[in-house]
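Here is the structure we will look at, set down as structure tokens.
None of the figures in this text is laboratory data; all of them are computed from the coordinates on show. Being a predicted model, the structure only gives us computed values, none of them experimental. All Cβ positions, even for glycine, are placed from backbone atoms using ideal geometry, and neighbour counts span all protein chains on display.
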Amino acid sequence: RGYSQEYLAMELGIDTATYGRIERGQTKLTVNRLLEISNVFDVEPFCFFIDEAREHLNGNLYKEISILKLITQEILETLKKQKL
């Protein structure tokens, strides 16, 4: 969407360096932070995993997205229950 790291960090209430570490995979991403990021981008959390899922799933894109959405929702619910 063309958002800068500065803008995203401000929206998330964190500093730019912390956001940069999230982008580079150098810090663990909590469920809450994933939900916050998905809210900033106005997308469902599963959307962040679509490209990787294409490498592992066969069939049409609609089927892949549906499966990925269900799996992501289950994972998020499980993690919320565990308070991670």
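Summary of computed values
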| read-out | value |
| --- | --- |
| Environment charge of Ile14, counting only residues whose C-beta is closer than 13 Å and scoring Lys/Arg +1, Asp/Glu -1 | -3 |
| Label-point separation, Thr27 to Phe41 (7 Å along Cα→Cβ), nm | 1.7 |
| Förster radius 35 Å - calculated FRET efficiency between Glu77 and Glu6 (Cβ-Cβ, nearest 0.05) | 0.60 |
| D_trans [Stokes-Einstein, Kirkwood Rh over alpha-carbon pairs] for segment 1-42, 20 °C, 1.002 mPa s, µm² s⁻¹ | 208 |
